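A.B. asks: Mind having a look at this structure? Questions to follow.
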């Protein structure tokens, strides 16, 4: 979900040329194809399925229609005169969606963000990430849209890189499926996956990535902690723990 949310923010930036945004969308789309297989394989209990479904819904809208929460990312309602104003608009819209949902629901199950509707999961992700970027910017008025776009692109790359370090574990799990037919199907998928990820793996070997154990490598918060990011996440718009903490993308 964070990758999809960050991409939506990038598309909304005021002065970013369409060709740069389109290039980012193509790259993220290719990465998400592999990441989805990794997440589905590692999340054996299906605990994070609601987040994956929410990310799928948001991604289709962003990639195909350049929309988020059914709003044009280039509309005046979202795009401000500066990137700071754009981030504040996205944050406010997202916060309103979450707080209104929590005010209206009486279902005790909704205290767990993993049970929220896709729209609310997406809104909570947008609020937290937009606020994180705003806090990181501080009072710096000199950063332009291109610099912010580059910074977000690097963050997306880092998150995808973190997820892709789980490729070896996924391939191993796919090879050891007990059912013969399922194993043959898995091996075919592994072969395709290896071909698609060869170049990505070469890039990862050149990156200085944190050393995490297998379990921790599946979670974005472990990557944040390991990289010792000095930007503290603001609280979610509700007291419940954020659904963002539970998944990589």
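A.B. asks: For residues that are buried (at least 16 other Cβ atoms within 10 Å of the Cβ) and touching a residue at least 12 places away in the same chain (Cβ under 8 Å), scanning just the range 145-157, find the one that is nearest to residue 4 (Cα to Cα).
C.D. replies: 156
A.B. asks: Residue 62 passes all but one of (1) in contact with a helix residue (DSSP H, G or I) (Cβ under 6 Å, 6 or more places away or on another chain); (2) surrounded by fewer than 19 Cβ atoms within 10 Å (Cβ to Cβ); which number fails?
C.D. replies: (2)
A.B. asks: Restricting the search to the range 70-88, which residues are closer than 20 Å to residue 119 by Cβ and assigned to a loop (DSSP other than H, G, I, E, B)?
C.D. replies: If the condition is that a residue be closer than 20 Å to residue 119 by Cβ and assigned to a loop (DSSP other than H, G, I, E, B), then 70, 73, 75, 77, 78 are the ones that fit.
A.B. asks: Does residue 61 qualify as being assigned to a helix (DSSP H, G or I) and touching a residue at least 24 places away in the same chain (Cβ under 8 Å)?
C.D. replies: Working: assigned to a helix (DSSP H, G or I): yes; touching a residue at least 24 places away in the same chain (Cβ under 8 Å): no.
No, not satisfied.
A.B. asks: Among the candidates 3, 26, which residue alone is surrounded by 22 or more Cβ atoms within 10 Å (Cβ to Cβ), part of a helix (DSSP H, G or I) and at pLDDT below 95?
C.D. replies: Result: 3 is the single residue among 3, 26 that is surrounded by 22 or more Cβ atoms within 10 Å (Cβ to Cβ), part of a helix (DSSP H, G or I) and at pLDDT below 95.
A.B. asks: Kindly indicate the residue of the range 76-95 that is in contact with a strand residue (DSSP E or B) (Cβ under 8 Å, 6 or more places away or on another chain) and at pLDDT 95 or above and also nearest to residue 31 (Cα to Cα) among those meeting that condition.
C.D. replies: 90
A.B. asks: How many residues does the range 6-23 contain that are over 15 Å from the mean Cα position of the chain (by Cα) and either part of a helix (DSSP H, G or I) or under 14 Å from residue 118 (Cα atoms) (or both)?
C.D. replies: 7
A.B. asks: Sticking with this one: What is the residue count in the range 113-144 for residues that are under 22 Å from the mean Cα position of the chain (by Cα), surrounded by fewer than 17 Cβ atoms within 10 Å (Cβ to Cβ) and in a loop (DSSP other than H, G, I, E, B)?
C.D. replies: Selection size over the range 113-144: 1.
A.B. asks: Additional query: Just a yes or no: is a residue in the range 101-112 crowded, with 19+ Cβ neighbours inside 10 Å and either in contact (Cβ under 8 Å) with a residue 24 or more places away in the chain or part of a loop (DSSP other than H, G, I, E, B) (or both)?
C.D. replies: No - not one qualifying residue is present in the range 101-112.
A.B. asks: Take the range 29-56 and flag every residue that is surrounded by 16 or more Cβ atoms within 10 Å (Cβ to Cβ), more than 20 Å from residue 157 (Cβ to Cβ) and at pLDDT 85 or above.
C.D. replies: Passing the criteria: 42, 43, 48, 50, 51, 52, 54.
A.B. asks: Search the range 118-143 for residues that are in contact (Cβ under 8 Å) with a residue 60 or more places away in the chain and pair each with any residue that is buried (at least 24 other Cβ atoms within 10 Å of the Cβ) and part of a loop (DSSP other than H, G, I, E, B) when their beta-carbon atoms are under 6 Å apart and the residues are at least 6 apart or on different chains.
C.D. replies: 125/1
A.B. asks: So if I check each of 160, 73, which one is closer than 14 Å to residue 4 by Cα, surrounded by 20 or more Cβ atoms within 10 Å (Cβ to Cβ) and touching a strand residue (DSSP E or B) at 6+ places or on another chain (Cβ under 7 Å)?
C.D. replies: 73
The values are calculated or read from the model by the stated rules, or taken from the named source; none is laboratory data. Model, not experiment: these values are computed from the prediction. FYI the Cβ positions are ideal-geometry reconstructions off the backbone, even for glycines, and counts take in every protein chain you see.
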